[in-house]
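Structure first, then comments.
The values are calculated or read from the model by the stated rules, or taken from the named source; none is laboratory data. What you see is a predicted model; the values in this text were computed from it and never measured. Here the Cβ positions follow ideal geometry from the backbone for every residue, glycine too, while neighbour counts run over all protein chains shown.
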């Protein structure tokens with residue numbers, strides 16, 4: 001959330017879509033993934049009170065594995081169908097993901113459709129952006145926490161105060177997410 005807010009402010013974006021993957025094809029084979037509807041519920045709870053941030057069901061509604069390139073193509077096609085210019089699309093990614101872009105589905109086509117907004121974490125170096133990508137650097141927020149760290153804290157029964165919104169904590173508890181043995 002803090003990264004999304006930082007990107008919206010620093011880049012002057014009209015809105016930021018937090019797109020919930022239906023089937024995160026690169027994560028599902030390596031670790032358990034919460035159901036898409038539960039992840040959407042957490043995302044919707046997280047954006048409450050944040051102007052310009054929206055939880056998006058685009059990939060859930062499309063079904064199947066979620067590929068960012070298809071989402072970008074869909075946003076462009078939607079604008080064309082409405083008779084309006086295609087939006088300028090920014091793909092918000094953490095600096096730690098930049099090195100894996102070549103493994104994404106159709107990365108060359110995605111690079112033509114979006115500008116990367118590379119969010120740095122406190123104390124981290126700027127990521128080397130692969131050739132062919134347009135990119136801007138966004139100074140990350142002072143909160144240095146990853147989703148992996150949040151899941152680990154929940155598994156250990158540790159508090160999440162100040163790391164995620166209270167409504168998201170309630171959702172995690174209601175669904176029994178990230179507990180040991182899941």
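Checking each residue in the stretch 28-58 for being touching a residue at least 40 places away in the same chain (Cβ under 8 Å) and either out of contact with any helix residue (DSSP H, G or I) (no Cβ under 6 Å at 6 or more places or on another chain) or not assigned by TED's automatic domain parsing to the domain that holds residue 104 (or both) picks out 32, 34, 47, 48, 50.
Residue count for the stretch 18-44 satisfying the condition of being surrounded by fewer than 16 Cβ atoms within 10 Å (Cβ to Cβ), closer than 18 Å to residue 169 by Cα and touching a strand residue (DSSP E or B) at 6+ places or on another chain (Cβ under 9 Å): 1.
Would you confirm, using the coordinates I've provided, whether residue 110 is at pLDDT 95 or above, outside any helix (DSSP H, G or I) and buried (at least 19 other Cβ atoms within 10 Å of the Cβ)? Criteria not met by residue 110. Test residue 154 against the criterion of being touching a helix residue (DSSP H, G or I) at 6+ places or on another chain (Cβ under 8 Å), more than 24 Å from residue 6 (Cβ to Cβ) and not assigned by TED's automatic domain parsing to the domain that holds residue 27, and give yes or no. So residue 154 fits the description; yes.
Is it true that residue 47 is surrounded by 14 or more Cβ atoms within 10 Å (Cβ to Cβ) and either modelled with pLDDT under 95 or in contact with a strand residue (DSSP E or B) (Cβ under 8 Å, 6 or more places away or on another chain) (or both)? Yes, satisfied.
When 52, 63 are checked against the criterion of being at pLDDT 95 or above, closer than 23 Å to residue 146 by Cα and loosely packed, with under 15 Cβ neighbours inside 10 Å, a single residue qualifies: 52. Confirm whether residue 73 is assigned to a helix (DSSP H, G or I), assigned by TED's automatic domain parsing to the domain that holds residue 117, more than 16 Å from the chain's Cα centre (by Cα) and within 22 Å of residue 113 (Cβ to Cβ). Answer is yes for this residue. Tallying residues that are at pLDDT below 95, in contact with a strand residue (DSSP E or B) (Cβ under 7 Å, 6 or more places away or on another chain) and loosely packed, with under 15 Cβ neighbours inside 10 Å within the stretch 113-135 yields 1. Checking the stretch 4-13 against the condition returns no match, with no residue being without any contact (Cβ under 8 Å) to a residue 60 or more places away in the chain, within 14 Å of the chain's Cα centre (by Cα), over 26 Å from residue 161 (Cβ atoms) and in a helix (DSSP H, G or I).
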